[in-house]
Amino acid sequence: MPRILIVDDEPGIRQSLKGVFEDEGFTTEAVATGEECLEKFAEDTYDLVLLDIWLPGADGLETLRKLRQKSPATHIIMISGHATIATAVTATKLGAYDFIEKPLSLEHILLIARNALSHRRLEQANDLLRHQLEERFNIVGESIPVKALRKQIAIVAPTNSRVLIYGESGTGKELVSRNIHFMSSRANSPFVEVNCAAIPEELIESELFGHTKGSFTGASDAKKGKFELADCGTLFLDEIGDMSLKTQAKVLRAVEEHSFQPIGAPSAVRVDVRVITATNKNLQNEIAAGRFREDLFYRLNVIPFVVPPLRERREDIPVLARYFMRVFSAEHGRGPKEFSSEALDLLVDYSWPGNVRELRNEIERLVIMVQDGAIQARDLSLPNGTHAARASTLHEARAQYEREFIISKLKENNWNVSQTARLLGLERSYLYRKMKTYGIEK
């Protein structure tokens with residue numbers, strides 16, 4: 001139950017408010033001075049304070065200032081019988097949640113108090129969610145490349161500079177982009193991700209820039225694009241190297257002008273968006289081959305990041321394996337398992353073509369499938385690994401076969417994902433997800 005503290009030098013008001021809140025089920029205390037209020041906070045915490053402006057000794061504004069320093073999460077409602085607009089403005093600037101004038105309406109003050117407590121609960125829930133997200137997107141590892149990467153993020157994140165992240169599939173490029181966002185001044189604004197390789201060419205313009213109702217066949221409703229959804233926040237364009245030249249031209253214009261025109265709209269929409277991009281391709285080669293615009297490259301490549309493949313930071317593999325073991329054990333309600341030294345040796349020796357994503361999938365499988373309290377070498381299923389164990393279940397055998405089959409078909413079609421998807425009778429986006437799951441890349 002929320003705890004409320006009433007601070008007023010008039011005994012009648014103290015007792016009246018204390019009685020009203022106690023009748024409503026709140027734990028309530030009351031004191032007469034700002035000094036007593038601060039003493040209470042030295043011993044305990046409160047969710048809400050009703051604080052009179054005019055108090056003997058330290059007045060309400062001085063007490064408010066000290067409370068905000070001591071307990072910034074506590075919501076404070078100021079009360080006054082003869083306050084000026086200037087006083088109300090000062091209180092608001094100091095962090096007061098609301099300002100109520102005497103004579104008090106008990107019904108009104110109860111409403112304001114409930115709103116303040118509801119707002120505090122939302123803030124606490126947001127803080128918890130933010131903490132969980134930060135834990136989920138933590139960059140794990142103590143190798144020199146990872147320490148250097150974290151340092152680079154800490155330097156770049158507070159700026160608004162555009163970042164281009166290079167790295168193989170599964171190395172954690174999205175993780176880097178989210179950490180840049182979390183550590184920036186935009187952290188409380190949206191983070192919007194777009195996988196450019198997974199969206200069909202005919203839909204990507206609408207996905208990025210939105211459209212008006214009736215602007216094309218099937219546009220039964222208006223839709224905001226990702227650029228607009230990311231306003232005041234961060235837009236992460238993953239696999240930017242797979243974007244068509246036509247779409248690249250429109251992205252370039254949006255990046256340069258901070259505005260764009262939704263399909264069918266009569267006028268442009270202005271946005272404030274930080275753009276972070278990522279690719280697993282060599283964009284200089286793509287430019288030379290005429291598949292990527294040089295002007296867009298220089299707009300995006302302001303600060304380049306390189307995320308190392310897992311095989312180049314093998315000392316992080318045991319750390320990552322134990323981290324994923326804790327995460328998935330909690331997620332699936334299983335007791336955490338230890339790794340035998342032989343199992344860890346095999347994990348470290350394996351080349352991990354799918355990088356951290358492949359390791360993550362392997363550990364999740366072990367959490368679910370292994371019933372013993374320790375992971376042995378025989379429990380591992382590492383496709384195409386020199387020490388790989390044979391598949392022990394039909395599901396594992398099917399997954400290994402499916403991975404090898406997809407690779408062979410991609411090779412037959414010169415790694416053309418769209419053509420391979422058509423021949424296999426699959427949606428391009430579905431095949432792309434399969435490739436990411438199995439860590440398949442050219």
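The values are calculated or read from the model by the stated rules, or taken from the named source; none is laboratory data. Values in this document were obtained by computation on a predicted structure and should not be read as measured data. Every residue, glycine among them, receives a Cβ derived from its backbone with ideal geometry; neighbour counts consider all protein chains shown.
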Practice task
Among what's in the range 201-255 and is assigned to a strand (DSSP E or B) and of a type in the set (A, V, I, L, M), pick the residue that is surrounded by the most Cβ atoms within 10 Å (Cβ to Cβ).
Solution key: 235
Practice task
May I ask you to list pairs of residues, at least six apart or on different chains, whose Cβ atoms are under 6 Å apart, with the first in the range 281-302 being under 14 Å from residue 244 (Cβ atoms) and the second being among the hydrophobic types (A, V, I, L, M, F, W, C)?
Solution key: 286/292; 292/283; 296/252
Completion exercise
Selection from the range 80-121 of residues exposed (fewer than 15 other Cβ atoms within 10 Å of the Cβ), touching a Phe, Trp or Tyr at 6+ places or on another chain (Cβ under 8 Å) and either not assigned by TED's automatic domain parsing to the domain that holds residue 63 or not in a loop (DSSP other than H, G, I, E, B) (or both) yields 92, 119
Completion exercise
Scanning the range 137-159 for residues that are of a type in the set (S, T, N, Q) and modelled with pLDDT of 95 or more, the one farthest from residue 325 (Cα to Cα) turns out to be 159
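So that you can scan it fast, the table gives a plain yes or no per residue for (1) charged (D, E, K, R); (2) modelled with pLDDT of 95 or more:
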| position | (1), (2) |
| --- | --- |
| 244 | no, no |
| 296 | no, yes |
| 302 | no, yes |
| 312 | yes, no |
Fill in the blank from the handout: Here the qualifying pairs (Cβ atoms under 8 Å; residues six or more apart or on different chains; first in the range 220-240 and closer than 11 Å to residue 189 by Cα; second part of a loop (DSSP other than H, G, I, E, B) and of a type in the set (D, E, K, R)) come out as 231/272; 232/186; 232/272; 233/186; 234/186
Practice task
Would you confirm whether any residue within the range 326-336 is closer than 27 Å to residue 241 by Cβ and either free of Cβ contacts under 8 Å to residues at least 24 places away in the same chain or crowded, with 16+ Cβ neighbours inside 10 Å (or both)?
Solution key: no
Problem - Test: residue in the range 119-131 that is among the aliphatic types (A, V, I, L, M) and touching a residue at least 60 places away in the same chain (Cβ under 8 Å) - result: no
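Listed here are the residues, each with its yes/no results for (1) at pLDDT 80 or above; (2) within 20 Å of residue 358 (Cβ to Cβ); (3) crowded, with 19+ Cβ neighbours inside 10 Å.
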position: 405; (1), (2), (3): yes, yes, no
position: 415; (1), (2), (3): yes, yes, no
position: 420; (1), (2), (3): yes, no, yes
position: 425; (1), (2), (3): yes, no, no
position: 428; (1), (2), (3): yes, no, no
position: 431; (1), (2), (3): yes, yes, yes
position: 442; (1), (2), (3): no, yes, no
Handout entry: Residue that is farthest from residue 442 (Cα to Cα), among those in the range 378-403 that are part of a loop (DSSP other than H, G, I, E, B) and modelled with pLDDT of 70 or more
Key = 380
Exercise for the section: Return yes when residue 180 is closer than 30 Å to residue 434 by Cα, in contact with a helix residue (DSSP H, G or I) (Cβ under 7 Å, 6 or more places away or on another chain), hydrophobic (A, V, I, L, M, F, W, C) and assigned to a helix (DSSP H, G or I) and no when it is not. Expected result: yes
Completion exercise
Given the conditions (1) surrounded by fewer than 16 Cβ atoms within 10 Å (Cβ to Cβ); (2) more than 30 Å from residue 330 (Cα to Cα); (3) without any contact (Cβ under 8 Å) to a residue 60 or more places away in the chain, every one holds for residue 147 apart from (2)
Fill in the blank from the handout: Within the range 1-17, restricting to residues that are surrounded by 19 or more Cβ atoms within 10 Å (Cβ to Cβ) and more than 37 Å from the chain's Cα centre (by Cα), the one that is nearest to residue 107 (Cα to Cα) is 17
Problem - Candidate set: the range 18-72, residues that are more than 41 Å from the chain's Cα centre (by Cα) and free of Cβ contacts under 8 Å to residues at least 12 places away in the same chain; chosen: the one farthest from residue 84 (Cα to Cα) - result: 23
Practice task
Report the residue count in the range 176-194 for those that are touching a residue at least 60 places away in the same chain (Cβ under 8 Å) and surrounded by fewer than 18 Cβ atoms within 10 Å (Cβ to Cβ).
Solution key: 0
